[in-house]
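Enquirer: One structure coming up, written as structure tokens, with questions to follow.
The values are calculated or read from the model by the stated rules, or taken from the named source; none is laboratory data. In this text, all values refer to a predicted model and were calculated from it rather than measured experimentally. Cβ coordinates were reconstructed from backbone atoms using ideal geometry, including for glycine residues, and neighbour counts include every protein chain displayed.
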Amino acid sequence: MSWITPLPQLAFGAGLAVLITGVAQAQMGESIERSTFGQLPDGRDVDLYRITNANGIEMRVTNYGGIIVSLRTLDAQGEFDDIVLGFDSLDGYLSDAYRKSNPYFGALIGRYGNRIAGGQFSLNGETYELATNNGPNHLHGGDKGFNRVLWQAKPFDNHEGAGLVLSYVSADGEEGYPGRLDVQVTYTLTDANELAIDYRATTSEATPVNLTQHTYFNLEGEGSGSILDHRLMINADAFTPVDETLIPTGEIRPVAGTPFDFREPTAIGARIDRGNRQLEFGQGYDHNFVLRRDSAAGDDPALAARVWEPDSGRVLEVATTESGLQFYSGNFLAGTLVGKSGESYKHRSGFALETQHFPDSPNQANFPSTILEPGETYRSRTVYTFSTRSREETGQ
Ligand code: GLA
């Protein structure tokens, strides 16, 4: 079965006509609208979709890299702010400065989220060589990962919410990976203030797959500075320690008694600069947490993390079907990129909570497998929920 749906199918039904006007804007229903975001160097047009829900939450997504460009949510005082890092124009994502620092703002990541040691893995008796684009290792799918490809986009508006189905065919051998991979990612913005992300993939040959989303949040508003005061809870009793190149050692280490214990809400900055080998390797948090799965959740997404920002009162909750969560505290942001608000994105001014399988699984026998076989369907679902809680309500 092919996942690819051609873009011209924009209408949701009779009466919702699609008319591209002089400003290249198409009204495609109450809650989704398309405009032109820019052009790739090869001349292909890139679109931007604006999706809104009944409560005024607004998300803008481009089919370049499946990037979530902006996300406006309410704070406890009823004010909207954009809470994700990114740029207002496609050029921001194509610039040399951006590519050099490679923060993967808001993008879909594949085929393999996080690192594969030495850019190498063996499968069915064959050794595969991948790009080493992060020191000695392979990171986030290679030189041209899913964050840098143009996806086909098909908007929809149904009982669940409004959103986009993004499809991409990764050719056999692309970035060194075996098999043709047909990928489909669905973003749904619901009236319950959730952003649901559904991943599906099928392959023609056995291949590692580990898809994720690399949005950086700052719940006080992007460009507002440090995220160190955000209170974070991660529903994990253990994490996977890494070596100095951020490859897991294979150990599953209990978080108890370490700065990785986020089982009770704790400020991100409370222990980040404590003398700790693991924090030194990551220059802060850049680690995979082994999620505790609530058995009542069955196959449904289970609570992975909750973040509360005291000044704005915003709360972000993450639920997922995945077994791992990469918590990255924006350690490599260095103030070299200027974002939508005109402010530079400084050290630790955004954080990412990337739901995924464990890093380097293709080389780690004791980690859950990330190999997708022909005839199987890769499925994964993550739901981000946005709400607010004032200081009084939390008693802090
Ligand atoms: C992931 C990695 C980090 C870093 C960021 C992007 O979170 O684990 O080391 O590469 O992506 O900068």
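Enquirer: For the subset of the stretch 208-235 comprising residues that are part of a loop (DSSP other than H, G, I, E, B) and of a type in the set (Val, Ile, Thr), which member is farthest from the ligand (Cβ to nearest atom)?
Expert: The extreme case among them is VAL209.
Enquirer: Do you know which residues across the stretch 330-350 are farther than 23 Å from GLU280 by Cβ, small (Gly, Ala, Ser) and touching a helix residue (DSSP H, G or I) at 6+ places or on another chain (Cβ under 9 Å)?
Expert: Residue satisfying the conditions is GLY339 alone.
Enquirer: GLN364 passes all but one of (1) surrounded by 14 or more Cβ atoms within 10 Å (Cβ to Cβ); (2) away from the ligand (no atom under 16 Å from the Cβ); (3) more than 21 Å from the chain's Cα centre (by Cα); (4) under 30 Å from GLU205 (Cα atoms); which number fails?
Expert: It is condition (2) that GLN364 fails.
Enquirer: Considering only the stretch 293-341, give the strands (runs of 3 or more DSSP E) lying wholly within it that have at least 1 residues that are surrounded by fewer than 20 Cβ atoms within 10 Å (Cβ to Cβ).
Expert: Here the list reads 302-308, 314-320.
Enquirer: Condition check: closer than 10 Å to GLU175 by Cβ, more than 17 Å from the chain's Cα centre (by Cα) and not charged (D, E, K, R). Does LEU123 satisfy that?
Expert: Considered against the rule, which asks whether it is closer than 10 Å to GLU175 by Cβ, more than 17 Å from the chain's Cα centre (by Cα) and not charged (D, E, K, R), LEU123 comes out as no.
Enquirer: Here's a check for you: in the stretch 282-292, which residue that is within 22 Å of SER323 (Cβ to Cβ) and not in a strand (DSSP E or B) is nearest to the ligand (Cβ to nearest atom)?
Expert: Filtering first and then ranking leaves GLY282.
Enquirer: Residues to consider are SER369, SER329; find the one that is modelled with pLDDT of 95 or more and in contact with a Gly (Cβ under 8 Å, 6 or more places away or on another chain).
Expert: Result of the check over SER369, SER329: SER329.
This table checks each residue for (1) closer than 30 Å to GLY282 by Cα; (2) acidic (Asp, Glu); (3) surrounded by fewer than 23 Cβ atoms within 10 Å (Cβ to Cβ); (4) in contact with a strand residue (DSSP E or B) (Cβ under 8 Å, 6 or more places away or on another chain).
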residue: THR127; (1), (2), (3), (4): yes, no, yes, yes
residue: HIS138; (1), (2), (3), (4): yes, no, no, yes
residue: GLY141; (1), (2), (3), (4): yes, no, no, yes
residue: LYS154; (1), (2), (3), (4): no, no, yes, yes
residue: ALA162; (1), (2), (3), (4): no, no, no, yes
residue: VAL169; (1), (2), (3), (4): no, no, yes, yes
residue: ASP172; (1), (2), (3), (4): no, yes, yes, no
residue: GLU175; (1), (2), (3), (4): yes, yes, yes, no
residue: LEU181; (1), (2), (3), (4): no, no, no, yes
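Enquirer: May I pose another question? Report, by residue number, each residue of the stretch 164-213 that is touching a residue at least 40 places away in the same chain (Cβ under 8 Å), at positive phi and among the small types (Gly, Ala, Ser).
Expert: If the condition is that a residue be touching a residue at least 40 places away in the same chain (Cβ under 8 Å), at positive phi and among the small types (Gly, Ala, Ser), then GLY176, GLY179 are the ones that fit.
Enquirer: Do we have PHE351 as surrounded by 22 or more Cβ atoms within 10 Å (Cβ to Cβ), within 21 Å of PRO241 (Cα to Cα), among the hydrophobic types (A, V, I, L, M, F, W, C) and within 14 Å of the ligand (Cβ to nearest atom) here?
Expert: Criteria met by PHE351.
Enquirer: Here's a check for you: in the stretch 120-134, which residue that is outside any loop (DSSP other than H, G, I, E, B) and out of contact with any Gly (no Cβ under 8 Å at 6 or more places or on another chain) is nearest to the ligand (Cβ to nearest atom)?
Expert: Ranking the qualifying residues of the stretch 120-134, first place goes to ASN134.
Enquirer: Moving on. When both residues are 6+ apart or on different chains and their Cβ atoms are under 7 Å apart, which pairs have a first residue that lies in the stretch 102-122 and is farther than 14 Å from ASN133 by Cα, and a second that is aromatic (Phe, Trp, Tyr) and in a strand (DSSP E or B)?
Expert: Pairs found: PHE121/TYR128.
Residue by residue, here is whether (1) part of a loop (DSSP other than H, G, I, E, B); (2) over 18 Å from LEU139 (Cβ atoms) holds:
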residue: GLU175; (1), (2): no, no
residue: GLY179; (1), (2): yes, yes
residue: VAL183; (1), (2): no, yes
residue: ASP191; (1), (2): yes, yes
residue: ASP198; (1), (2): no, yes
residue: ALA201; (1), (2): no, yes
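Enquirer: Kindly list the number of the only condition in (1) under 27 Å from ASN134 (Cα atoms); (2) under 21 Å from the mean Cα position of the chain (by Cα); (3) surrounded by fewer than 22 Cβ atoms within 10 Å (Cβ to Cβ) that fails for HIS287.
Expert: Going through the list (1) under 27 Å from ASN134 (Cα atoms); (2) under 21 Å from the mean Cα position of the chain (by Cα); (3) surrounded by fewer than 22 Cβ atoms within 10 Å (Cβ to Cβ), HIS287 breaks only (3).
Enquirer: Taking the stretch 256-281 as the region of interest, how many residues are among the charged types (D, E, K, R), modelled with pLDDT of 95 or more and either more than 16 Å from the ligand (Cβ to nearest atom) or surrounded by 15 or more Cβ atoms within 10 Å (Cβ to Cβ) (or both)?
Expert: Of the residues in that region, 5 qualify.
Enquirer: Scanning the stretch 94-106 for residues that are more than 10 Å from the ligand (Cβ to nearest atom) and part of a loop (DSSP other than H, G, I, E, B), which turns out nearest to ARG348 (Cα to Cα)?
Expert: GLY106
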